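Read through the structure below, which is laid out as structure tokens, and then see the notes.
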Amino acid sequence: PPMIALLARLALAEPGRPEDRTALEAEVAALRAELDALREDQRANASEGEHRGGRDRVEFTGPVVVGAGESVDSAVSFVGDVRVLGHVTGPATSFGGDVHVLPGGRVDGDATSFGGKIEVAPGGVVRGDQLLYGVPLSSIGPVVDEAEASMWAMLLRRAVLTLSLAGAGVLAVGVFPNRVAQVAGAIEHRPVRSAVVGSLATGFIVVFSILLTVLTLGLGLPVSLLLLGALSAAWMLGFVGLSQAIGDHLPFERKPHGRWVAFLVGVLLLASVGSLPWIGWLVVAAAGLVGIGAALSTRYGGTATG
């Protein structure tokens, strides 16, 4: 409104009085300068707000990148890396990835990686602790090289997988003890037959599911998923039965806690064999086929073995 009023007065100024018109033009120029300064302040404040802390940077399906000149409260990535070129006023955390503090990057809080590694390049700064799997790096040495970090990541993944299978297996033994016993009996008495059935069934179901999905242009996907789900259930029941069969043949005169102890010991033995270099994966794959065959040949433990 002040600018509009001045322009109106300027338009209505008497041509015979140039001093009035000159004064009005000066007022307009001053007001324009004031508006321009206000706009610049607003731009500066907006830019500063973008680069100033006050928000978190979180990604659930990919990496997090804090660019040069940026500043955020925290940087967190699930199943991805965290790359810091700017300023993180709090922690930088990666679940299943690495934390990279590049030249010019700064992390005021802790740099933490679960299942990955931490790299601080020359020119990068981490003011807090550097934590690997929740353990300070200083407690295991000043430097953790890439080979060691990869080894710990692999061990962590295997431990999580083993514990998950053990938990699911204990549940299966508790809920379906008779079915698990039937599958374990089939593995014990008919291992060759179970291996043949498991190999043929696995190959047929996988190939048939792929062809059905492709040839029907995706319309057969629900049926394919159902078949693959049935195969996965057979594998899980076969794994539990195989672990049970291994545990039952261990030289334990007494099993005070019944089948759970035998099952857990079998899981640990299978996990140990699977960790062997070169042949571990082959043994586990063969054992999986035997377990699938035993589960399918006994109709998921519903038929007694002879």
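The values are calculated or read from the model by the stated rules, or taken from the named source; none is laboratory data. Here the structure is a predicted model, which means the values were calculated and not measured. With ligands, DNA and RNA removed, areas are computed over all heavy atoms of the protein, side chains included. Shrake-Rupley method; radii C 1.70, N 1.55, O 1.52, S 1.80 Å.
How large is the accessible surface per residue of the stretch 191-246, computed with a 1.4 Å probe and reported in Å² as a whole number? If you can, show how the numbers build up before the last one.
On the way: 3090 Å² over 56 residues.
Here the per-residue accessible area is 55 Å².
Ordered from highest to lowest accessible area with the whole protein assembly present and a 1.4 Å probe, Leu132, Leu282 read as Leu282, Leu132. Near Val65, the amide H atoms lying under 5 Å from its own belong to Arg83; only residues 5 or more places off or on other chains count, and H is placed 1.01 Å from N.
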